[in-house]
1. Residue pairs, Cβ under 8 Å, 6 or more apart or interchain, first in the stretch 41-64 and at negative phi, second surrounded by fewer than 10 Cβ atoms within 10 Å (Cβ to Cβ) and not aliphatic (A, V, I, L, M). List them.
2. Considering only residues of the stretch 14-24 that are modelled with pLDDT under 70 and not basic (K, R), which is nearest to the chain's Cα centre (by Cα)?
Amino acid sequence: MVSSKHSMCPRAARVLRSQSGETIVETLVAVLICSFALFVLFTAVSVAGRINAEANDAYERSRQSADVAESQEGGDPSMQRTVEVDGVYPGSYLVYYYSSDADSAPSYRYVPGQGRWPV
């Protein structure tokens, strides 16, 4: 029996010459793509969280301003404004204007007995 390194069976030679595996470059590119996708996803989640926190703060300031306006029994006549309303009940209405600070949304309260109020 003659033994030589070139005398292996043809099937084994085919398996050794097969190109079906992944190279290290292909693996690194796949890891890079996955890392970039995770970075983009993390950034989007953190930005969404920050926007949500800002919206919650604005809503809370608006609610506080509305609570102040709704708790007022009377009103300072210098704070009266006329508000024009469109839609189902169009017209002009006399209201008290309240705002707790420059960053909060203004609140209005209807001045009873002044003008027409929707029923």
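1. Matching pairs, first to second residue: R61/D101.
2. Taking the stretch 14-24 as the starting set, the residues that turn out to be modelled with pLDDT under 70 are 15-19.
Restricting the remaining residues to those that are not basic (K, R) gives 15-16, 18-19.
Values: V15: 54, L16: 54, S18: 50, Q19: 47 Å.
Selected residue: Q19.
Conditions (1) at pLDDT 75 or above; (2) of a type outside the set (V, I, T); (3) in contact with a strand residue (DSSP E or B) (Cβ under 8 Å, 6 or more places away or on another chain); (4) loosely packed, with under 10 Cβ neighbours inside 10 Å, marked per residue:
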site	(1), (2), (3), (4)
M8	no, yes, no, no
A12	no, yes, no, yes
V29	yes, no, no, no
L32	yes, yes, no, no
A37	yes, yes, no, no
A44	yes, yes, no, no
N52	yes, yes, no, no
A66	no, yes, yes, no
E70	no, yes, yes, no
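The values are calculated or read from the model by the stated rules, or taken from the named source; none is laboratory data. A quick note: this is a predicted structure, and the numbers were derived from the prediction, not measured. Every residue, glycine as well, gets a Cβ built from its backbone with ideal geometry; the counts of neighbours run over all protein chains shown.
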